[in-house]
1. Inspect the range 12-25 for any residue being out of contact with any helix residue (DSSP H, G or I) (no Cβ under 6 Å at 6 or more places or on another chain), modelled with pLDDT under 85 and not hydrophobic (A, V, I, L, M, F, W, C) and give the result as yes or no.
2. Read through the list (1) of a type in the set (S, T, Y); (2) over 30 Å from S141 (Cα atoms); (3) loosely packed, with under 14 Cβ neighbours inside 10 Å, then give the number of the only condition that T257 fails.
3. Take the residues in the range 135-155 that are of a type outside the set (V, I, T), touching a Phe, Trp or Tyr at 6+ places or on another chain (Cβ under 6 Å) and part of a helix (DSSP H, G or I), then tell me which one is surrounded by the fewest Cβ atoms within 10 Å (Cβ to Cβ).
4. Please give the strands (runs of 3 or more DSSP E) falling wholly within the range 34-89 in which 3 or more residues are among the β-branched types (V, I, T).
5. Only one residue in G100, G59 is at positive phi and without any contact (Cβ under 8 Å) to a residue 12 or more places away in the chain. Which one?
Amino acid sequence: MRVFKIFVAFTIALYLFFIAIFFVTQRSLLYYPNHSYVPLSEAHANRALQEVSIRTSDGIDLKAWYAPSTTKPLTVVFFHGNAASLYATAQIADPYVAAGYGVLLTKYRGYSGLSGSPTETGLYNDGRACLRELMRRGVASTHIILFGHALGSGVAVQMAEEFQVGGLMLLAPYLSIPKLARISFPFFPSSLLALDRFENEKKIGKIHAPLLIVNGEEDRVIPPLQGNRLFALANQPKEFHSLPGRGHNDAFGQFTTLSIDWMGRACNPN
């Protein structure tokens with residue numbers, strides 16, 4: 001009996017130790033920032049893009065790449081996933097620019113050599129600063145289409161809740177970070193431990209802008225079922241597409257085609 005009690009005590013202590021490690025290191029598991037910045041002049045990006053400097057309400061200096069709209073009234077604002085950089089996301093702008101839309105490629109604090117460290121609150125401040133910079137440049141909020149990929153879907157959903165935007169596009173979205181964490185760490189109480197929560201499922205029902213959700217059927221990072229459930233919680237007008245044979249990072253080509261068609265049909269700025 002004494003040996004059993006020692007074993008139980010050791011097991012509990014070891015479990016609590018691993019919980020403590022998870023709690024302390026969780027942001028390094030969620031965010032994978034690239035710490036080097038590639039200037040726009042060296043990025044071989046679309047020539048319509050220009051570098052924009054943006055300061056957040058809490059004093060962080062950001063950079064974004066911006067191409068003003070030409071023949072369409074809408075501007076797409078892209079919020080990237082947890083391991084992207086401006087250089088890596090530059091090609092996303094090409095089809096939208098070619099179709100006449102404006103594009104703003106955002107970058108979070110701590111990424112691409114920018115100052116600060118990423119947190120949920122910080123990323124929301126970054127998103128607000130980017131949208132306000134667009135509006136300062138004369139782009140009405142109702143002419144803004146938010147585009148969030150993976151982690152960025154949480155930023156896009158929060159911005160769509162706060163601003164009256166023209167539309168919301170989500171590629172590989174999730175219900176919340178705690179529900180994602182349960183998949184990789186099923187034995188930890190993620191709902192209690194998560195510092196950064198990005199609770200899309202609690203916010204999506206408050207949004208009334210036109211919505212497009214797209215999942216890759218073979219996504220092994222974010223289960224497509226979470227996108228399906230998020231779509232079920234959303235208000236009309238909404239549209240959903242599942243892409244056969246596509247995973248987490250290889251769906252952008254089909255997504256842009258779908259999204260350009262969707263914007264032409266569903267998003268009518270006032």
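1. Looking for residues that are out of contact with any helix residue (DSSP H, G or I) (no Cβ under 6 Å at 6 or more places or on another chain), modelled with pLDDT under 85 and not hydrophobic (A, V, I, L, M, F, W, C), one finds at least one in the range 12-25, hence yes.
2. (2)
3. Selected residue: S141.
4. 75-79
5. G59
Let's see how each residue does on (1) touching a Lys or Arg at 6+ places or on another chain (Cβ under 6 Å); (2) open to solvent by 20 Å² or more (accessible area, probe 1.4 Å); (3) of a type in the set (D, E, K, R):
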residue	(1), (2), (3)
A43	no, no, no
I60	yes, yes, no
T75	no, no, no
A83	no, yes, no
A88	no, yes, no
Q91	no, yes, no
V103	no, no, no
Y108	no, no, no
Y111	no, no, no
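Residue-by-condition table, conditions (1) within 30 Å of P269 (Cβ to Cβ); (2) buried (at least 16 other Cβ atoms within 10 Å of the Cβ); (3) modelled with pLDDT under 95:
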| residue | (1), (2), (3) |
| --- | --- |
| V157 | yes, yes, no |
| A160 | yes, yes, no |
| A181 | no, yes, yes |
| E199 | yes, yes, no |
| G205 | yes, no, no |
| L211 | yes, yes, no |
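The values are calculated or read from the model by the stated rules, or taken from the named source; none is laboratory data. Note that the structure is predicted; figures quoted are calculated from it, not measured. Cβ sites come from the backbone with ideal geometry, for glycine too, and all protein chains shown count toward neighbours. SASA here: full protein model, heavy atoms, side chains in, ligands and nucleic acids out. Shrake-Rupley method; radii C 1.70, N 1.55, O 1.52, S 1.80 Å.
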